[in-house]
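Peer 1: Handing you this structure, nothing more for now.
The values are calculated or read from the model by the stated rules, or taken from the named source; none is laboratory data. Not measured: the values here are computed from a predicted model. Every residue, glycine among them, receives a Cβ derived from its backbone with ideal geometry; neighbour counts consider all protein chains shown.
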DNA sequence: CACCCTATGTAACAATTGTTACACTATTGG
DNA sequence: CCAATAGTGTAACAATTGTTACATAGGGTG
C-alpha cells in the first residue's frame with residue numbers, strides 16, 4: 001500500500017469507510033509509457049483509477065484503423081471499462097499509457113454495492129460518466145464538424161493541456177495514426193501551422209508557440 | 001395515469017415499490033412528430049423515459065451545424081439528460097420526436113435516491129449509460145471511419161430499423177442536415193444507391209430494397 | 001567514416017466532398 | 001387553371017483529403 005494512493009483517496013472526498021474498502025480490495029498497477037491497460041477484445045474485471053500519469057483512450061474499427069478519443073488523467077476513471085465490465089463485453093477501444101502512470105485497480109465486482117452504499121462513490125461514478133460523455137461528444141465534434149487542419153491543431157493543444165508541456169514528442173506518423181489519416185497529410189498541415197507561426201518543428205518533437 | 005404507462009413499468013422488472021414511486025412522481029408527456037423534447041441550451045429537470053414512439057438525438061455545434069447521433073425508442077431513456085441534469089448544464093444536443101411519441105417524465109431530483117434504493121433502477125440507469133455509450137461510439141465510427149456513401153446507407157438502414165418500415169419519409173435536404181453535408185451530395189449518392197439497386201426513390205420518400 | 005534506418009519535405013496526381021447554378025417536376029393554394 | 005414553392009437531377013468546378021513516389025536529413029552502430 002502506497003502513500004501516494006492513500007493521499008489520493010483522501011483527496012476525493014470519499015467516505016472514510018469507502019476509502020478503507022478501496023484500499024483493501026484494490027491493487028496497485030504501475031504501467032510504463034506506451035503499454036496498454038486495455039486492449040480491444042481483452043475482457044477485464046477491474047476498473048482503473050488513474051492516480052498519476054495519463055492514459056490515451058482510442059477507438060478502433062475492424063480493420064485496424066483507429067482514432068484518438070480523449071485522455072484520462074489523475075483522478076479520472078474509465079467509464080467505458082465500467083459499462084464494459086458490467087456487460088462483460090469485449091472492448092472496442094484501448095487505453096494506452098501516454099507516460100509512465102500509476103493506477104489503482106478496483107474490482108468490478110464491488111462497484112454495484114459501493115454505488116448503493118456510498119453517496120460519494122455514486123457521485124464519483126456519475127461524474128465520471130458525465131465527463132466521458134462530454135469528451136466523447138467533443139471527439140464527435142472534431143470529426144464531424146472540423147477540417148483536418150483544425151483537428152490537428154486542436155489535437156496538439158489537447159496534448160499540450162494533458163501533458164502540461166509545450167513540447168510534443170511524437171512523430172508525424174504517430175499523429176497521423178491517432179487522427180486516422182496519412183503521414184503525408186500531417187506533414188503538409190504541420191508545415192502550414194509552422195508557416196502560420198503556431199508551432200515549431202524538430203525531429204520527433206513539436207513545440208507549441 | 002395511463003394504462004399504457006402502467007403496463008410499461010410492469011415490463012421493466014422494476015421493484016413494485018419503485019413502480020409506485022415512478023407512477024406517483026412522474027408525469028405523462030405526449031409529443032407530436034417533429035417537435036423537440038430537448039433543445040440546445042434548454043435546461044431541464046426531468047428525464048424522459050420513452051414509452052412509445054422514438055426520439056432522434058442530434059448533436060449541434062456553435063454555428064448551427066448538426067449531426068445525427070442515435071434514436072431513443074420504447075424502453076430507452078436519455079443518459080445525456082441525466083448527466084446534464086446532474087450538472088444542470090446546458091445541453092449541447094437535442095432530442096426531437098421522429099414520430100408521435102409518449103414519454104414518462106421523471107423528476108431528476110428523485111434519481112439519486114432511487115439509484116441508491118432500488119437495484120433494478122440502478123441496473124436500468126447503468127444499462128442506459130452502456131447503451132448510449134455504445135451508440136455514441138458507433139456514431140464516431142461512422143464519421144471517423146466511413147465515407148459519405150457508406151454513412152448514408154447505414155443511416156438509411158438505421159432509420160429502417162428504428163421505424164420498422166421500409167419506407168423512409170424524408171427529403172434529401174433533411175437527410176443532408178442530419179449527416180452534416182449538402183443536399184446535392186445526398187442526391188448524388190442516393191442516385192448511386194438507386195443504380196446499385198439498394199433503394200428506390202420517390203418524392204419525399206425512399207424505399208429500402 | 002560508411003551504412004542503415006527512421007523521420008521529414010515535397011511534387012504530382014487521384015478520389016472524395018463541397019459549392020454554385022440552373023433545369024425540371026410535383027404539389028399546393030388561390 | 002395558373003402561379004408559387006418545394007423537391008429532385010445534373011453539370012461544372014473548387015477545395016479538401018488521400019496516395020504514390022522519391023529526395024533529403026538526422027542519428028545511431030559497427
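Peer 1: Can residue B:128 be described as farther than 30 Å from residue B:175 by Cβ and at pLDDT 85 or above?
Peer 2: no
Peer 1: Then there is this: Condition first: out of contact with any strand residue (DSSP E or B) (no Cβ under 8 Å at 6 or more places or on another chain) and on the phi > 0 side of the Ramachandran plot. Now tell me which residues in the range A:31-49 satisfy that.
Peer 2: A:41
Peer 1: Just checking, does the range B:129-149 include any residue being more than 15 Å from DNA strand D (Cβ to nearest atom), in contact (Cβ under 8 Å) with a residue 60 or more places away in the chain, surrounded by fewer than 19 Cβ atoms within 10 Å (Cβ to Cβ) and more than 24 Å from residue A:68 (Cα to Cα)?
Peer 2: Checked against the condition, which is being more than 15 Å from DNA strand D (Cβ to nearest atom), in contact (Cβ under 8 Å) with a residue 60 or more places away in the chain, surrounded by fewer than 19 Cβ atoms within 10 Å (Cβ to Cβ) and more than 24 Å from residue A:68 (Cα to Cα), the range B:129-149 yields no hits at all.
Peer 1: Among the residues of the range B:141-153, is there at least one that is under 17 Å from residue B:76 (Cα atoms) and in contact with a strand residue (DSSP E or B) (Cβ under 9 Å, 6 or more places away or on another chain)?
Peer 2: No - not one qualifying residue is present in the range B:141-153.
Peer 1: Here's another thing I want to ask about it. Going through the range B:35-59 one residue at a time, which ones are outside any strand (DSSP E or B) and out of contact with any helix residue (DSSP H, G or I) (no Cβ under 6 Å at 6 or more places or on another chain)?
Peer 2: Listed by number, the residues that qualify are B:35, B:39, B:40, B:41, B:42, B:43, B:44, B:53.
Peer 1: Something else: Counting just the residues of the range A:151-168 that are more than 17 Å from the chain's Cα centre (by Cα) and within 16 Å of DNA strand D (Cβ to nearest atom), which one comes out farthest from the other protein chains (Cβ to nearest Cβ)?
Peer 2: The qualifying residue farthest from the other protein chains (Cβ to nearest Cβ) is A:167.
Peer 1: Cβ contacts < 7 Å: first residue more than 14 Å from every other protein chain (Cβ to nearest Cβ), restricted to the range A:183-205; second residue part of a helix (DSSP H, G or I) and away from DNA strand D (no atom under 13 Å from the Cβ), any location; separation 6+ or different chain. Result?
Peer 2: As it stands, the answer is A:199/A:156; A:200/A:194; A:201/A:194, since those pairs meet every condition given.
Peer 1: Could I ask something else about it? Considering only residues that are over 25 Å from residue B:31 (Cβ atoms) and outside any helix (DSSP H, G or I), look in the range B:94-150 and name the one that is farthest from the other protein chains (Cβ to nearest Cβ).
Peer 2: B:147
Peer 1: Hey, can you tell me all the residues within the range A:175-200 that are over 17 Å from residue A:147 (Cα atoms) and loosely packed, with under 14 Cβ neighbours inside 10 Å?
Peer 2: Correct list: A:195, A:197.
Peer 1: To continue, here is another question. Tell me which residues, restricted to the range A:179-209, are in contact with a strand residue (DSSP E or B) (Cβ under 7 Å, 6 or more places away or on another chain) and within 8 Å of DNA strand C (Cβ to nearest atom).
Peer 2: A:190, A:194, A:205, A:206 - these are the residues of the range A:179-209 that are in contact with a strand residue (DSSP E or B) (Cβ under 7 Å, 6 or more places away or on another chain) and within 8 Å of DNA strand C (Cβ to nearest atom).
Peer 1: Here is a follow-up. Filter the range A:12-29 for residues that are surrounded by fewer than 13 Cβ atoms within 10 Å (Cβ to Cβ), in contact with a helix residue (DSSP H, G or I) (Cβ under 9 Å, 6 or more places away or on another chain) and not in a loop (DSSP other than H, G, I, E, B) and give the result.
Peer 2: Once the filter is applied, which keeps residues that are surrounded by fewer than 13 Cβ atoms within 10 Å (Cβ to Cβ), in contact with a helix residue (DSSP H, G or I) (Cβ under 9 Å, 6 or more places away or on another chain) and not in a loop (DSSP other than H, G, I, E, B), the range A:12-29 yields only A:17.
Peer 1: Tell me, yes or no, whether the range A:161-175 has at least one residue that is without any contact (Cβ under 8 Å) to a residue 12 or more places away in the chain, within 14 Å of DNA strand C (Cβ to nearest atom) and not in a helix (DSSP H, G or I).
Peer 2: no
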